[in-house]
Structures are given as structure tokens and as C-alpha cells.
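Below is one structure, written out as C-alpha cells; the observations come after it.
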Amino acid sequence: VDPLTWTPAGPPAPACAWCGAALAGGRRLHGRTVCAACGVATTSPWPTPAQLETAYGGAYRPASGRFGGPLDRVLAAARGRLAVRVDALAPPGPVLDVGAGDGTLVRALRARGRQAEGLDAHATGEGVRRGTVHDVPGPYAAIVLWHSLEHLPDPGATLDRAAGLLVPGGLLVCALPDASSWQARAFGARWLALDLPRHLVHVPHAALHARLRAAGLELERASAWRGGQALFGWLHGLVGLLTGRSLYDAIRRPQARFAPLSPRDRAAALAAAALVAPVALAATAAEIVAGCGGSAMVEARRPPGG
Ligand SMILES: [Zn+2]
């Protein structure tokens, strides 16, 4: 399913997937409705299980890998750095990766001697099984929700449950697209990280912070850069505006593209990316300084006495 051509069809989402408030009368945007109570947008119409199955099949995550070899290795290296950080900041004990995909982070943590397991709704692998935070008893020294919360049907309840599964002093690491970023506003329906219908909620970083504090956690660090996608969001958006082509497809393997791309169109998208790179770099730097980049990353801790 190509997020740019996904056509919403079906009854509107009745309630905010983040806070549960009724959405009737909420501000409508392309494919989503903004909750007046919490500011989070819920994908609406709400996709059916069959629509989601289609959206996660095929090109989204083919067995052959999503990107060319070097980029897949860059992503694996980023997971390795995340594993080092989680291992260093968490107290002793097991780590849970929610939305673990093929288990790259779980393997990186285990390689460091850290007990780790993963949950994923759509994938299984070494150390990764199907399930949600509601299926596990805990407790955990750390729980990672790395670009996974926005894919879940009950993200608010998942965050609350994850906070409750932490040992005192335990660490929660969460990254998701920042719906209040400048790039989200600049590109609107064409923003890379809107990713309809797979993203079911569209969360401003302020709403994420508020929910974590309400769950009793203390925010230790917030970053507009560490969650990734800050620069690529600008590059993809600017290339789309200039050429109508998808830079994201241009860097994916042919079988992982949402829409076919001729070699000529692929070359045009890559050339446009080189052309707009200085603008994208400047916009990214401005966003990071303002504290609202393409993604919001937070590290939050359950108080040691709590
Ligand atoms: Zn809400």
C-alpha cells in the first residue's frame, strides 16, 4: 500500500486512540482527525484488519530486505548504538522491545550479554514473538518502543502498561514521528512519516511527554534528532514537491517499492535530493534547535522509589 495513494474509506474513527475522547467535531486533516482534548490525531476512517494486513504485506517489509545492502547495514549499526545506550542506562534485568520487527535490537542487546526479548504484531524471529505488552507479566529493566507506538491500535494504553511494567529505576525509551514538527506542517498529506494507514496515531511531542509524566515517569532526555528521520523527512518532502517522485522508493530495493520507479525516474529523484540537500540540512538544523524534528525521542525513568 502506497501511503500517498491510500484512499480512506469506511466509517470515521469514533474515539481518539490516544486518550479515548470522542472525536466528533474534531478538526479534519487528510486521513485523520485531531482530538480537541489531547491534540493527537487519530487515523480516520480507522483501517479494517484486512486493510492493515494488505498495508503490512508486499512491499512494506519483503523478505529480501527493504533497502540496498549499505543502507540496511547503516540501520543495523544504528540499532547497535541504541543497544549500547539502553544497556548503559538501564538497571540490571531484562529488556523488552515492543515492535521488534526482525529482532535486530534484541540480537544486539543479547550480544552484549543483556537478557532481551521482542514483541511484534506482524513479525517473528529469534527472540521475537507475536503479542502485546498486555500479554507479558514483566517486570523489565527497560522497555523500548522505537517507532512502534504509532502502529498500535491502543498506543495510549500501551504506554501506560509499559510504564507499569518497569522495575523502580527502570527506563522507557520511545521514538515516534513528531506530528508538531515543521516538516509535518510543511508537507501535510505528503509528509513521509504520516504513513497512512500504518500509522494509526499522529502525536505531537508535547502529548507524548504529558502522557509519560501522567504515567508516573520522569523525563530524562528528549531529542528531536536521535529518533532519526529528521533530515530524510525534509529530503523526501522537498523531492516530492519538486519532482512528484518518491525519494523513499528511490532508496528501496525494487521489490520494496510502493510504486514502480523507472531507472530514469529513480535517477531524477536522487539528483533532486542532491540539489535540495543544502536546504534540507538547513531546515533540519533549524528544527533540531527548535526542539521539534521529524521524530521525537524520549528517555523516561520510573522513579527509583516509585
Ligand atoms: Zn485525545
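No value in this document is a laboratory result; all are computed from the given coordinates. Here the structure is a predicted model, which is why all the values come from computation and not from measurement. All Cβ positions, glycine included, derive from the backbone under ideal geometry; neighbour counts span all protein chains shown.
Sorting 290-296, 162-168, 240-246 by average packing, meaning the other beta carbons within 10 Å per residue, from highest down gives 290-296, 162-168, 240-246.
Counting charges near PRO45 (Lys, Arg +1; Asp, Glu -1) among other residues having Cβ under 15 Å from its Cβ returns a value of +3. Other residues lying with their Cβ under 10 Å from the Cβ of VAL203 contribute a combined charge of -1, Lys and Arg counting +1, Asp and Glu -1.
In percent, rounded to a whole number, the relative contact order of the chain is 20, using alpha-carbon pairs under 8 Å and six or more apart. Here segment 73-161 carries DSSP beta bridges of which approximately 10% are antiparallel, counting only pairs with both residues inside.
Quote the Stokes-Einstein diffusion coefficient, in whole µm² s⁻¹, for the chain, based on the Kirkwood radius over alpha carbon pairs, a temperature of 10 °C and a viscosity of 1.306 mPa s. D, rounded to a whole number, is 80 µm²/s. Annotation: the antiparallel percentage among DSSP beta bridges lying fully within the chain is about 60. Just checking the listed ones, GLU150, GLU287, GLU220: in the Gaussian network model of the chain with Cα springs under 10 Å, the one fluctuating most is GLU220. So the label point goes 7 Å from the Cα of LEU219 along Cα→C-beta, right? Which residues of segment 276-302 then have their backbone N under 12 Å from it? Within reach of a label on LEU219, which here means backbone N under 12 Å from a point 7 Å along Cα→Cβ, segment 276-302 contributes 291-292, 296-301. Quick one: net charge of GLU218's neighbours, Cβ under 15 Å, K/R +1, D/E -1? Its environment carries a net charge of +3. Taking amide H as placed 1.01 Å from N in the peptide plane, GLY170 has its amide H under 5 Å from the amide H of ARG302, each at least 5 places away in sequence or on another chain.
Annotation: amide H of GLY131 within the under-5 Å range of ASP120, ALA121, sequence separation 5 or more or interchain, hydrogens built in the peptide plane.
3J(HN,Hα) along segment 168-180, derived from phi through the Karplus expression 6.51 cos²θ - 1.76 cosθ + 1.60 where θ = phi - 60°, amounts to x, x, x, 10, 10, 10, 9, 10, 7, x, 8, 5, 9 Hz, with x in place of Gly and Pro.
Close amide H contacts of ARG32 (hydrogens built in the peptide plane, cut-off under 5 Å, sequence separation of 5 or more or a different chain): SER44.
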